[in-house]
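Read the structure below first, then the notes.
The values are calculated or read from the model by the stated rules, or taken from the named source; none is laboratory data. Not measured: the values here are computed from a predicted model. Positions of Cβ are generated from backbone atoms using ideal geometry, with glycine treated the same way; all protein chains shown enter the neighbour counts.
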Amino acid sequence: MSGRREEILDAALAIADEHGVDAVSMRTVADRVGVTPMALYRHVKDKAALLDGMVGRLLAALLRPHPAEDQPWDARLDALAHACRKVTQQHPWAAHLLFSRPAVTPDAVRAVDIIYTALIEAGVPAPEVPRLERLISTFVIGFAASEAAGRFTPGDLDPRSRRGHLPDSELPGHRALGPWLDLPVDLTAEFEADLADIWRLVEAAARRSRT
């Protein structure tokens, strides 16, 4: 990566950290770098390429250090999943960008290939590998996006107050689960439990191929 392109991506990431990814534009990045917007086009052809470059930078951080190839397949996928969650905790806007951009940058393709290789090693039949990769990627990025957006936390209203907007007769499931819905959420423990469930799905797919 050229020094100027690296400087441009650094500026774009800084703007997103300070003001959100919607604030990133060719003009705001040019102003941050101290050049005209036209000068950016020698290094980044348009805003879509700028966003793809930001995704690449995030994924490069996510892949460092690369999961050790001598680790079991599930340990490698665990490492990748936790690295993704850490990146989105550091950059809350990142999950939306990772979700919305296609996996076209070299680092994005490498991340997908790590998942492909792990699933093949687990014994998943080749036709099912792309589907399970999409399941894993969607869960990990979706969990990170929901966590970053505050979707999993009660906010200003406690759960009882939120449910109080409707009569219990209209919410039989909520009424049955009331004691569990009101408990504090340990998102790290939940993330770990969800990953363990997904790895069991992977193992089940591998077993089906052997029967």
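Quick look at the numbers
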| item | result |
| --- | --- |
| Qualifying residue in region 34-57 (condition: under 17 Å from the mean Cα position of the chain (by Cα), within 22 Å of T188 (Cβ to Cβ) and not aromatic (F, W, Y)) | no |
| Within region 1-25, considering residues that are touching a Phe, Trp or Tyr at 6+ places or on another chain (Cβ under 8 Å) and in a helix (DSSP H, G or I), the one surrounded by the most Cβ atoms within 10 Å (Cβ to Cβ) | A16 |
| Helices (runs of 4 or more DSSP H) contained entirely in region 97-211, each with at least 3 residues that are touching a helix residue (DSSP H, G or I) at 6+ places or on another chain (Cβ under 8 Å), at pLDDT 90 or above and within 17 Å of L77 (Cβ to Cβ) | 106-122, 129-149, 187-210 |
| Hits in region 34-61 - residues which are more than 16 Å from D107 (Cβ to Cβ) and surrounded by fewer than 18 Cβ atoms within 10 Å (Cβ to Cβ) | G34, V35, T36, P37, M38, A39, Y41, R42, K45, D46, K47, A48 |
| Number of the condition not met by R76 [criteria: (1) part of a helix (DSSP H, G or I); (2) modelled with pLDDT under 75] | (2) |
